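No value in this document is a laboratory result; all are computed from the given coordinates. Please read all numbers here as calculations on a predicted model, not as lab measurements. Here Cβ is always computed from backbone atoms with ideal geometry, including for glycine, and neighbour counts include all displayed protein chains.
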Amino acid sequence: MIEVLLTYDHELFYYLNSLGNNRWDDFWLFVTNKFSFIPLYLVLLFLIYKKLGIKKTLMIMLLVGAMITSTDQLANLFKHLFVRPRPCQPGIFEEAIRFIAPRCGRYGYFSAHAASSMALAFFVGLLLKKHFKYLFLILVIWSLLVSYSRIYVGVHYPLDILTGMVIGAGIGYLYFLLLNFIVNHFPSSVDINK
């Protein structure tokens, strides 16, 4: 069963990766770069500050830092536990793949990019859903783009991406629940749902 799943995963990777062409390479390299979305993060931080105030914004920043660290470290743990080579490693694919990423890490299961972006999408999307109707959807679409970029540049299989997105969504939701717990159980905090 696992072998069949991995075969389909390889075939889907090869198909999706082969869809790329030189005209789109710069766009997907931009999307896959973790520093490209600093302006988005600053806008989200500003929106949180405007709607929730400085005290809650500082608490949220600490939680987001812990959340991103959690997704990253969990991805590293899985990578060293499963030791699944990335598709860009020499000798993995006999067919030529489009590898355009700046580097190829050793192991790829699961994608930290997919997990972190989806965790942020869920956490901030749920946090601000009462204030901005379509923000959750916009952030999930952004996370899907970031996640797909990892296949496009040749460093992750679709199963790496799917696992990362599911784990990231779960971690984002858990941190959102943690924030609500903190707000509801400590009298000095103010309700974030106003």
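Equivalent ellipsoid semi-axes for segment 104-147, as square roots of 5 times the alpha carbon gyration tensor eigenvalues: give them largest first, rounded to whole Å.
On the way: eigenvalues 131, 17, 5 Å².
Whole-Å semi-axes of the equivalent ellipsoid: 26, 9, 5.
Choose one answer from 23, 98, 86: the residue with the largest mean-square fluctuation in a GNM of the chain with alpha-carbon springs under 10 Å.
Highest fluctuation among the options: 23.
Among 145, 40, 52, whose mean-square fluctuation peaks in a Gaussian network model of the chain (Cα, cutoff 10 Å)?
Of 145, 40, 52, the Gaussian network model singles out 40 as fluctuating most.
Run through every distinct alpha carbon pair of the chain and return the Kirkwood hydrodynamic radius in angstroms, one decimal place. Kindly include the intermediate steps, with their values, before the conclusion.
Details: mean 1/r = 0.0564 Å⁻¹.
Evaluated over the chain, this radius sits at 17.7 Å.
Of the chymotrypsin sites (Phe, Trp or Tyr not before Pro) in segment 17-51, which ones lie in a loop per DSSP and count no more than 13 other C-beta atoms within 10 Å?
Numbers: sites: 24, 27, 28, 30, 35, 37, 41, 46, 49; in loops: 35, 37.
Here the sparse-neighbourhood loop sites are 35.
Over segment 2-185, what relative contact order in percent results from Cα pairs under 8 Å that are six or more residues apart? Let's see the in-between values first.
Details: 233 pairs, mean separation 53.8, N = 184.
Once normalised by length, the contact order is 29 percent.
Using only the Cα atoms of segment 1-99, what are the Rg and Dmax in Å?
Cα only, segment 1-99: 19.2, 55 Å (Rg, Dmax).
At a 10 Å Cβ-Cβ cut-off, how would you order 113, 131, fewest neighbours first? Walk me through the intermediate numbers first.
Details: 113 27, 131 13.
The fewest-first ordering by Cβ neighbours comes to 131, 113.
Taking N as the number of residues in segment 72-165, what is its Cα Rg relative to 2.2 N^0.38 Å?
1.20
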